[in-house]
Amino acid sequence: MKELLEQNNSIKPAQIGKIVEGKVIGKARSAVFLDLGPIGTGIIYGREFQQAKEEIRNLKIGDSLFAKIIDLENEEGYIELSLSQASDELTWEKLREQKDKGEIVKIKILSVNKGGLVAEVFGIPAFLPVSQLMAENYPRVEKGEASKIVQELQKFVDQEMEVKIFDLDPRQGKLILSEKAKEDGKIKEILKDFQVGDLVDAEITGVTDFGVFVRFGKEKNGPDFVEGLIHISELDWQLIEDPADVVKVGQTVKAKIISISDNKVSLSLKALKEDPWKGIEEKYKKGDVAKGKVTKLNPYGAFVQITPQIQGLCHISEFGTKLRMEEVLKIDQTYKFQILSVDPQEHRMSLKLEEK
């Protein structure tokens with residue numbers, strides 16, 4: 001903010017859009033006059049006066065304030081000024097400084113929506129997305145139902161939180177906050193003791209429709225820990241419909257770290273189990289016919305369970321249209337499929353419905 005003011009004040013000629021400092025030299029019923037030094041006399045009146053009425057009410061002759069030039073010369077020869085626009089611009093500049101310095105900001109939660117929490121910083125509306133909450137405050141809602149997420153977030157209304165500014169855009173009036181960013185330094189320090197491929201004892205802290213949250217540290221049950229996610233696809237080699245069928249909150253599992261990026265840790269349970277695709281090309285060869293149960297139909301085709309841990313895809317092109325596929329195949333029904341290709345490394349099997 002200091003740099004912005006120094007830059008503006010170093011310019012002698014008046015310019016529209018620039019912020020200038022002036023001293024109050026007169027007050028009328030609906031106008032305030034400011035001495036702007038070498039560039040002339042400024043005036044705040046009309047709509048600009050009304051918008052800043054509360055702030056202007058407390059001004060005294062001799063007080064200094066910042067205002068934004070919106071007209072170089074009105075009909076009476078004054079430089080027209082805006083107090084509110086200057087205040088907004090300086091506020092955004094202050095917010096940018098706080099973001100750049102990584103300063104912690106205290107906020108009070110005003111309301112919630114399914115995407116996160118709503119607050120204000122220096123009078124500017126701000127949003128704290130669910131994804132930027134600390135792990136312990138993340139709403140662990142089964143099936144990810146929006147109404148339940150909102151209900152879970154309601155407990156934060158009227159509560160104070162410490163956050164950092166994550167992103168901002170004055171033009172769009174966008175101010176995004178992050179609670180978990182304030183722990184970045186601590187998490188980064190803890191993660192120095194871990195690397196991809198490590199096995200950890202992880203405690204299940206939350207179960208959602210897309211996976212499970214776990215926490216782990218250098219010492220079991222120690223004070224310093226980080227949270228990670230085991231995606232539903234990493235729970236087991238077989239298709240998992242509901243993670244709650246596999247693990248429970250409070251359970252301790254052995255997991256493998258498969259990714260560490262920007263303080264986000266991804267782990268896997270299935271990586272510790274034998275890969276069922278290993279050597280599968282010896283059992284299932286191109287041209288073979290195998291029985292399989294249809295588990296899912298989507299725009300790409302039909303997912304078919306050949307064994308509890310092996311699934312293949314019968315591509316939509318084999319049917320022509322999704323409607324035709326849905327007429328021919330039914331979920332949970334078993335059919336005969338011809339194997340078109342097997343790729344153990346990519347864990348892929350392409351299938352074609354065997355003609356009756």
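With r defined as the distance between the Cβ atoms of E21 and E160 and R0 fixed at 25 Å, what FRET efficiency is calculated, to the nearest 0.05? According to the calculation, E is roughly 0.15.
Legend: calculated FRET efficiency, K114 to R29, from the Cβ-Cβ distance at R0 = 41 Å, rounded to 0.05, equals 0.30. Computed extension gain for K278 through Q172, at 0.36 nm per residue and net of the alpha carbon distance, reaches 32.9 nm. Here the 3J(HN,Hα) profile of the stretch 229-245, calculated from phi with Karplus coefficients 6.51, -1.76 and 1.60 at θ = phi - 60°, is 10, 9, 5, 4, 6, 9, 7, 7, 6, 7, 5, 10, 7, 9, x, 5, 6 Hz, Gly and Pro shown as x. Remark: for residue pairs K99/K164; K27/K94; K285/K322, the C-alpha separation exceeds 18 Å in K27/K94; K285/K322.
Computed with a 1.4 Å probe over protein heavy atoms only, the accessible area of D343 comes to about 60 Å².
Determine the shape class of the stretch 144-198: with a ≥ b ≥ c the square roots of the Cα gyration tensor eigenvalues, call it rounded for a/c under 1.5, and otherwise prolate if a/b is greater than b/c, oblate otherwise. Working shown, then result.
On the way: a/c = 2.13, a/b = 1.40, b/c = 1.52.
Verdict is oblate for the stretch 144-198.
Under a 5 Å amide H cut-off, with hydrogens placed 1.01 Å from N, D198 pairs with I257 among residues at least 5 apart or on other chains. Under the convention that each Lys and Arg Cβ holds +1 and each Asp and Glu Cβ holds -1, the size of the dipole of the chain around its Cα centre is about 680 debye.
Starting from the Cα gyration tensor of the chain, take the square roots of the eigenvalues, sort them a ≥ b ≥ c, and report rounded, prolate or oblate (rounded when a/c is under 1.5, otherwise prolate if a/b is larger than b/c, else oblate).
Values: a/c = 3.40, a/b = 2.41, b/c = 1.41.
Judged from the Cα gyration tensor, the chain comes out prolate (a/c at least 1.5, a/b above b/c).
Calculate, for S131 and T41, the FRET efficiency according to 1/(1 + (r/R0)^6) with r their C-beta to C-beta distance and R0 56 Å; round to the nearest 0.05. Using R0 = 56 Å, I get an efficiency of 0.65. Database remark: amide H of G211 closer than 5 angstrom to the amide H of I232 (H placed geometrically; neighbours at sequence offset of 5 or more, or on other chains; Pro and chain starts carry no H). Placing a pseudo-label 7 Å from each Cα along the Cα-to-Cβ vector at Q238 and S147 gives an inter-label distance of 3.3 nm. Out of every Cα-Cα pair in the stretch 42-124, what percent are more than 22 Å apart? Counting every Cα pair in the stretch 42-124, those more than 22 Å apart make up 45 percent.
The values are calculated or read from the model by the stated rules, or taken from the named source; none is laboratory data. Being a predicted model, the structure only gives us computed values, none of them experimental. Quick reminder, even Gly has a Cβ in these numbers, built from the backbone with ideal geometry, and neighbours come from all protein chains shown. With ligands, DNA and RNA removed, areas are computed over all heavy atoms of the protein, side chains included. Shrake-Rupley method; radii C 1.70, N 1.55, O 1.52, S 1.80 Å.
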